[in-house]
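Below is one structure, written out as structure tokens; the observations come after it.
The values are calculated or read from the model by the stated rules, or taken from the named source; none is laboratory data. Since this is a predicted model, take the numbers as computed values, not measurements. Virtual Cβ from ideal backbone geometry, glycine too; neighbours counted across all protein chains shown. Side chains are part of the model used for accessible areas, which takes the heavy atoms of the whole protein and leaves out ligands, DNA and RNA. Shrake-Rupley method; radii C 1.70, N 1.55, O 1.52, S 1.80 Å.
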Amino acid sequence: LLARGRGTLAGCWLRPGARGALLLLREPGAVAPPLAATRGAHWDGRFRLIGPGAAGGYMLGALGAEAPPGAQRLPAALRRGLPAIRDAEGALAAVPGLDYPSRSACAPFTLAFTPAGGVALGWAGGEGEATGHPFKPGRSVPI
């Protein structure tokens, strides 16, 4: 894949990005359907809801093509697999990786990156946060 500069493998896309960078993204066809946003929910084999969630039929699923404030600069392919919370009517309620619409609105939906059910790496406001950095303005990206 690296030699070709693009391709698909195990549910991931490798695509060329801006200024010669490579993007490693979730393959849109491999994204799991939404599920109830309750504590412990494990969505898409990658994210576990470790916050309390909220009553009222909230769902955890992909952001999709929507571009709420803070997401317009992100490639559309990346937004398709970004975890988001929708209310019972399907309206976008929160995008924890972007702190959208606010950190306090995202707090009940704190997610941990837990690929294949492994060790949790914090996302959205926790200490020791290991992922989500590129999506939150003003934060450095660990290499």
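Every condition in (1) of a type in the set (A, V, I, L, M); (2) open to solvent by less than 70 Å² (accessible area, probe 1.4 Å); (3) modelled with pLDDT under 90 is met by LEU9 except one, and the failing one is (2).
Residues that are aromatic (Phe, Trp, Tyr) and open to solvent by less than 30 Å² (accessible area, probe 1.4 Å) within segment 88-115 comprise just one, PHE109.
Residue pairs whose Cβ atoms lie under 8 Å apart, sitting 6 or more positions apart in sequence or on different chains, and linking a residue in segment 91-105 that is in contact (Cβ under 8 Å) with a residue 24 or more places away in the chain to a partner that is among the basic types (Lys, Arg) and in a loop (DSSP other than H, G, I, E, B), are GLY97/LYS136; LEU98/LYS136; ASP99/LYS136.
Only one entry of ALA65, ALA94 meets the criterion of being outside any helix (DSSP H, G or I), at pLDDT 90 or above and either in contact with a helix residue (DSSP H, G or I) (Cβ under 9 Å, 6 or more places away or on another chain) or under 26 Å from CYS12 (Cα atoms) (or both), and that entry is ALA94.
Return the only residue of ARG80, ARG73 being closer than 19 Å to ARG26 by Cα, open to solvent by 40 Å² or more (accessible area, probe 1.4 Å), touching a Lys or Arg at 6+ places or on another chain (Cβ under 9 Å) and charged (D, E, K, R).
Values: ARG73 fails: touching a Lys or Arg at 6+ places or on another chain (Cβ under 9 Å).
Checking each option against the conditions leaves just ARG80.
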